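The values are calculated or read from the model by the stated rules, or taken from the named source; none is laboratory data. The structure displayed is predicted, hence computed values, not measured ones. Heads up, the Cβs are rebuilt from the backbone with ideal geometry, glycines too, and the neighbour counts pull from every protein chain shown. Quick note on the areas: whole protein, heavy atoms, side chains included, nothing else; ligands and nucleic acids left out. Shrake-Rupley method; radii C 1.70, N 1.55, O 1.52, S 1.80 Å.
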Amino acid sequence: MAEQRISIEYPLIRQYLVAVDPVIRHRTDAQDLRDELADHLIEAVERLRATGVDSDTAERRSLSRFGEPAVIAGLINAIPAKGNTVHTIFNREASFFAFVAAILWTAAAVSIPFAQDNLVAAWTQGAYVTSVLLIGVAIAASGVVLLSLNVQVSGAFDSIAGIVATLLGLAIVATLLFGWFLFLWLGLLIAATAITMTRARASAVTTGAPTVLLGYVWPVLTLLVLVAAIFVTGPAQNLGSAAIIVFDVVALPLVFLVYAAGNVLLGLRMRALMPHGTAPHDAGPGPFITA
Amino acid sequence: MNREALKGHLDLLILSVLADGPLHGYAVIDELRTRSSEVFDLAEGTVYPVLHRLEVAGYLSSEWGAVSGRRRRSYRLTRAGSARLEQQRASWQLFSASVNTVLRRKPWPSSA
């Protein structure tokens, strides 16, 4: 009933709420947020109307004063639904983990040629274990970022976040036990990343460049590299061939570097959208002296 | 006033406005604007994340009512919010007094 009234009497407010909705619709308190924004905007319009401003101008002026829908929705969505401490913990540390993940993936990209069969240096078990550990820790750091995005869009650690967490856990185990079997752990990482980027594509954190890079470019690139791996490292592989060198020194590190770049983009976006100031409950004596 | 400069003080300003009694979001912004003689003029939507954050932190509580057939959320200061306000107010007063002292200080020996 109330929504019908908004559609008829306040068409621009209706459009604004529709624009905000994809960002907040997964939250447990989504309807409360919609109602609160609608109440504010209608109140603003009615006050302007009372001064003699026509309806269309009043709506436009009120919406202009309220702020860009994508920005406002992103800021509102960055605050957890009341009582959701999981959301708070993930959000606060997510940008840090994104940058850590980028560093780890870059290190993994550098280490991977050394972990391969006598490619750039004599193969050692130590080089292999180092590379595998780097990849495992990089997946874990990226996993925190992916889970943070899931919690942000849903407002809670929901069943899909649980599936993503499971995929990531399996990817880490697969890396540590079968690091040489790219199809397994990269496949699991592609699945976890694709699920997350698909559901978070409307979020202010991921919209635009992060979605393009991690949601489209990286999965396609990785799948192409995995297909190439069938030919390069299959039964008829020829150690030392140009193809295998290109695969291990260029293609595979490129997959890691693109993923690192995606994490940097996410980290920058998360930092830019982080609510201003220190969280109140862990603030010191006041922001004015220490800022 | 520069909006970025204002953002750093929104917690204090909002807690202060709500110290006089419960208000809904629009009224909080209206009160900020009125009390500051229209100097504090920010994108209105940016106040809600601050209200929600203060509520999650336990400094505000909210309750729903109905006005003209639509739901309206009002915020009020909690006991922790009152304590937080006093803490931030004291911190601000110390800070502003210190800045004023620095600004008033004349070079020595004074040329005047």
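General observations
- Residues along the stretch B:71-90 losing 10 Å² or more of accessible surface when the other protein chains are present rather than the chain by itself (probe 1.4 Å): B:R71, B:R72, B:R73, B:R84, B:Q87, B:Q88
- Estimated buried accessible area (total), pair B and A, 1.4 Å, Å² to nearest 100: 3300
- Per-residue 3J(HN,Hα) values for the stretch A:209-219, derived from phi via the Karplus relation 6.51 cos²θ - 1.76 cosθ + 1.60 with θ = phi - 60°, read 3, x, 5, 4, 6, 8, x, 10, 4, 5, x Hz in sequence order (x marks Gly and Pro).
- Distant-in-sequence amide H partners of B:R72 (H built 1.01 Å from N, under 5 Å): B:G65, B:A66, B:V67
- With each label modelled as a point 7 angstrom along the Cα→C-beta vector, the A:L268-B:S82 pair spans 4.8 nm.
- Share of pairwise Cα separations in chain B, more than 22 Å, in percent: 41
- Estimated distance in nm for a label pair at A:I160 and A:L176, the labels positioned 7 Å out from Cα along Cα-to-Cβ: 2.9
- Taking the charge dipole of the stretch B:3-99 about its Cα centre, with +1 at Lys and Arg Cβ atoms and -1 at Asp and Glu Cβ atoms, the residue from B:V47, B:L23, B:G69 reaching farthest to the positive side is B:G69.
- Residue of B:S68, B:S91, B:S16 that the Gaussian network model of chain B assigns the largest fluctuation, springs spanning Cα pairs under 10 Å: B:S68
- Fraction of accessible area attributable to carbon and sulfur, the stretch B:3-99 (%, probe 1.4 Å): 53
- Using a Förster distance of 60 Å, the FRET efficiency for A:V212-B:V99 (Cβ separation, nearest 0.05): 0.85
- Alpha-carbon centroids, the stretch A:181-210 and the stretch A:38-61: separation in whole Å: 42
- For peptide B:51-61, the mean count of partner chain Cβ atoms within 10 Å of a residue's Cβ comes to 5.
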